[in-house]
Every structure is written in C-alpha cells, then in structure tokens.
Amino acid sequence: MEAVDGDEEKLLNLSLAIVSDSGGEMKRKRNSRHNNVSTSYEGCTEGKIFLLLQMREQMLKLDHKRSKATTIEDGSNGLRLIHLLLITASSINENDTVSALENLKELYKGASLNGDSVQRVVAYFADGLAAKLLGRKSPFFDMIMKEPTAEEEFLAFMDLYRVSPYHQFAHFTANQAIIESFEKEEEKNNRALHVIDFDMSYGFQWPSLIQSLSEKATGGNRISLRITGFGRSQEELQETENRLVSFAKGFRNLVFDFQGLLRGRSYNINLINNLRKKRNETVAVNLVFHLNTLEKTSKMSETLNLVRSISPSVVILVEQEGSRSPRSFLSRFMESLHYFAAMFDSLDDCLPLESAERLSIEKNHLGKEIKTMLNYDFDHHDHDHGDRDDDHNRCAKYERLETWKARMESHGFGGVRISSKSVIQAKLLLKMRTHYCPLQFDGDNGNGGAGFRVFERDEGRAISLGWQNRYLLTASMWQCL
C-alpha cells in the first residue's frame with residue numbers, strides 16, 4: 001500500500017529491532033504471568049475501559065466521507081497509525097496496560113472501516129489488540145471478538161473469490177496440475193481420476209475442474225471423477241456435496257462421485273484403505289491452505305506420511321506466504337501486519353471504497369483472521385489435547401517457500417516444474433481481473449509498477465501470487481520419490 005512503503009518499511013524494521021533489544025526483560029515479564037495479559041484489565045479503572053469502548057463505537061459509526069477527510073495526502077497519517085500500532089503491541093507484550101489503553105484510544109480516533117487501506121487494516125488490528133489487552137475473562141472480550149455467522153462468513157468468502165484473483169489463482173493453478181497428471185496417464189488410468197482434498201472449504205475449486213474434464217470427454221468415452229473431501233462439519237460437507245452434484249448433472253459425459261469425510265486429528269486404517277488407488281485411477285492429492293492450519297509439526301508429518309502411503313500421481317501444495325513464529329507475539333504481529341496491509345491494499349484494486357462487498361470481506365473474513373491470530377494461544381495448542389479438533393478456532397501459521405520445500409523433501413517428495421501453460425493461465429487470470437504487472441522472476445528487484453504480480457520461483461518449481469513486492473501465496477507440485 002502507498003502508506004506502508006519505503007520510509008514506513010524502515011520504521012517497521014526499526015521498531016521491531018527496538019522491541020527485540022529488550023527481549024530478555026520482556027521474557028521475564030511474560031514468565032511472571034501465565035496468560036500474557038489476560039487479566040491486566042482488572043487493574044484499570046472502569047472509566048478508562050468504557051472510554052476506550054466509546055472510542056471504538058465512534059470508529060465503527062464513522063462514515064466514509066469523514067474518513068476520507070482524515071486521510072492526509074502525504075501519507076503521514078498512515079505512518080502515525082502504523083507507529084501507534086507497533087507501540088501498542090509492544091506495550092501489551094510488556095504488560096504496560098496504561099500505555100496500551102492510551103494508544104488504543106488514539107488508534108480508534110484515526111482508524112475507520114471505510115477509510116483508506118491503512119485506516120481499515122488498523123481498525124481490525126486495534127480490535128485484536130484491545131481484545132488481547134482486556135483478556136478472555138473480560139465481559140467485553142466476546143463483544144470485540146464477535147464472530148460472523150456461518151452465512152456471513154460464506155458470503156464474505158464468496159465475495160472475495162469473485163472479485164479477487166487470490167483464491168482463483170490457487171485453484172486454477174492446482175486444477176491445471178491435476179489435469180496434466182490425468183492426461184499423462186490416460187492410456188492406463190481407465191479415464192478415472194480420484195482427487196483427495198484435505199480441506200474442502202466450500203468446494204469452490206471443483207466446478208472448473210468438472211467443466212475442464214467434461215470438455216475432454218465424449219458421450220461414448222466418459223470420464224470418471226471421484227472427489228474425497230475433508231470438511232469441518234457434516235452440514236458443510238452435505239451443502240458442498242449438493243452444490244457439486246447439482247453442477248455435475250449438467251455434464252452427461254462425466255461420471256461424478258463425491259464422498260465427504262469429517263476432518264479429525266487421527267487417520268485410521270479404514271480411512272487409509274478407502275483413499276488408496278482403485279482401478280489404476282490417477283490420484284491427485286490437494287493440499288490447498290491446509291497444512292499451515294495444523295497445530296503441530298507432528299500433525300503435518302502424519303498427514304504427509306499418509307499422503308505418501310497413497311502413492312499419488314501428483315501432490316499440489318498451496319499455502320499463504322509468510323513467517324509467523326508461534327513463539328513470539330511481536331514477530332507474529334509484525335509479519336501479520338505486513339501481510340494484511342498488502343491484502344487490504346489489494347482490495348482497493350478490486351472494489352471501490354463504498355463497496356458493501358469490500359466491507360463484508362474485510363469484516364467477516366480478513367478481520368476475523370487478524371483478531372484470531374492476535375488472540376490465539378499457541379502455547380496451549382502446541383500441546384496434545386486428545387482427539388478434540390477445535391477446527392473453527394484454528395490459526396494458520398504462514399511459512400516461506402524454503403521451509404515448505406525442506407519439509408516436503410524430508411518426507412520423500414520431489415518438486416515438479418510448473419508447466420508453461422500454468423504460468424500463462426495465471427498471467428491471463430490477472431490480466432482479466434486486476435491492474436496486472438508483468439511476470440517477475442527470482443532475482444528481480446520488483447522495479448516498476450504496482451498491483452498483483454506473478455512470480456516464477458525455485459527454478460520454475462513454484463509460482464507465487466504477489467501484491468507489489470510481497471508474496472501472498474505460493475503453489476508448488478510434488479511427486480513421490
């Protein structure tokens with residue numbers, strides 16, 4: 001974003017260095033309290049807390065005419081808000097409640113749900129920090145952390161899918177790899193494809209695959225597509241199945257079958273047998289936005305070992321790009337601020353300021369993720385808690401391509417070059433959807449232009465969607481060695 005660039009980047013890095021220098025003292029302070037600052041609000045007067053909540057209420061009601069007026073053209077207002085965010089996060093990390101409260105009030109004065117991208121992202125980070133300051137025992141915690149309804153969350157996801165290339169880039173790139181694997185094995189796979197999706201979400205990825213396969217099939221030589229998908233709830237799986245079955249009925253040259261499975265903490269032998277190849281079919285494993293939601297590294301290893309035991313023809317890995325250390329609140333905060341600043345800025349390329357869809361996406365999807373990340377107890381979730389799978393409260397731990405590459409290789413997978421067709425498809429998607437910048441390669445300093453970009457990385461074995469010079473997500477393809 002314009003306000004989070006250049007000088008501000010130096011400010012962010014300098015501020016992080018300053019708080020890092022006092023790391024030893026902060027660690028001693030953190031050790032003196034069991035749950036960070038979960039009860040710190042109790043030492044504050046009720047008046048200060050209610051004043052903070054009043055400032056928040058005024059921010060929520062701020063119309064966008066006023067929010068436009070509060071934006072200073074030279075970007076100094078954005079720099080001031082970002083600086084206040086960093087100071088507030090550091091104060092909360094040090095259990096300095098008085099300073100944190102004062103800075104939060106200033107943040108709510110300058111933030112707006114309908115302002116520029118800096119004001120908007122600051123509004124949700126301020127909420128996340130306020131909730132963390134008050135703690136889960138506060139009667140106001142649930143009010144600030146109020147989650148959208150299932151319908152609101154679905155509509156926000158659908159809006160983001162429709163207007164931004166974010167999810168479409170991931171899904172179209174994955175589907176192209178699946179189709180290419182199917183085509184390579186057409187002589188021996190009986191024209192049968194089995195896709196195992198470890199995170200179905202709402203199933204938006206699969207209509208385009210159904211349509212593409214149908215174009216390859218004929219009435220006398222039909223293609224069989226079987227999708228096994230893991231989901232959060234039986235209700236969500238049933239709704240997804242209904243949508244996909246209804247869509248597939250329009251393609252008579254395609255035999256479609258769907259099996260939904262609840263996502264759990266352990267994989268039993270019956271499940272493994274069910275996932276194995278049948279009739280020499282081509283098997284593709286879809287790991288799109290899944291592995292980084294697993295709470296422990298051991299769960300990632302368990303999943304990857306299961307995938308390898310299936311011997312799929314291709315494994316598609318797509319994850320958000322970043323570096324969120326579960327051990328440090330400040331490092332998570334900094335990385336998340338960079339990431340979501342880019343996401344909010346990118347929405348300005350897709351939707352006008354007054355758009356109801358933009359507000360829905362930011363409030364019920366991105367904003368929820370920001371607040372969840374800031375209030376997620378990584379220490380608690382790093383320990384095993386039986387077979388309970390608290391799926392709705394998962395917090396993604398973004399990692400960099402180099403980390404994923406090392407993890408995949410250590411589990412017996414080798415990277416596959418991204419086809420030129422996939423790269424061309426990604427470029428065309430951005431040209432159709434956004435103010436597109438030319439293809440970038442590793443080593444390119446990103447000079448010139450703004451907006452969405454396609455980056456070809458790791459000598460052609462990975463492809464990333466970026467906003468300006470920031471990687472947002474990365475897709476890579478793998479085979480068993």
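Electrostatic tally near residue 152: other residues with Cβ closer than 10 Å to its Cβ, Lys and Arg +1, Asp and Glu -1, net -1. Could you please report the charge total around residue 108, scoring K, R as +1 and D, E as -1 over all other residues with beta-carbon less than 10 angstrom from its beta-carbon? Combined, the nearby Lys, Arg, Asp and Glu give 0. Comparing Cα centroids, segment 451-468 and segment 118-174 end up 25 angstrom apart.
Cross-linked pairs 216/299; 299/371; 105/146: Cα-Cα separations exceed 27 Å for 216/299. Under 5 Å from the amide H of residue 468 lie the amide H atoms of 451, 452, 453, each residue being 5 or more positions distant or on a separate chain, with H modelled from the backbone and absent for Pro and chain starts. For 191, 232, the sequence from fewest to most other C-beta atoms within 10 Å is 232, 191. Across segment 47-194, Cα pairs under 8 Å and at least six residues apart give a relative contact order of 19 percent.
Averaging the sequence gap over all C-alpha pairs within less than 8 Å and six or more residues apart, then dividing by the number of residues, gives segment 144-231 a relative contact order of 32 percent.
Taking amide H as placed 1.01 Å from N in the peptide plane, residue 461 has its amide H under 5 Å from the amide H of 418, each at least 5 places away in sequence or on another chain. Listed values for segment 106-119 are Karplus-derived 3J(HN,Hα) couplings in whole Hz (6.51 cos²θ - 1.76 cosθ + 1.60, θ = phi - 60°), namely 5, 5, 5, 5, x, 7, 7, 6, 10, x, 6, 5, 5, 4, and x replaces Gly and Pro.
Read the figures in this text as sums done on the coordinates, not as results from a lab. Note that this is a predicted model, so its numbers are computed, not measured. Every residue, glycine among them, receives a Cβ derived from its backbone with ideal geometry; neighbour counts consider all protein chains shown.
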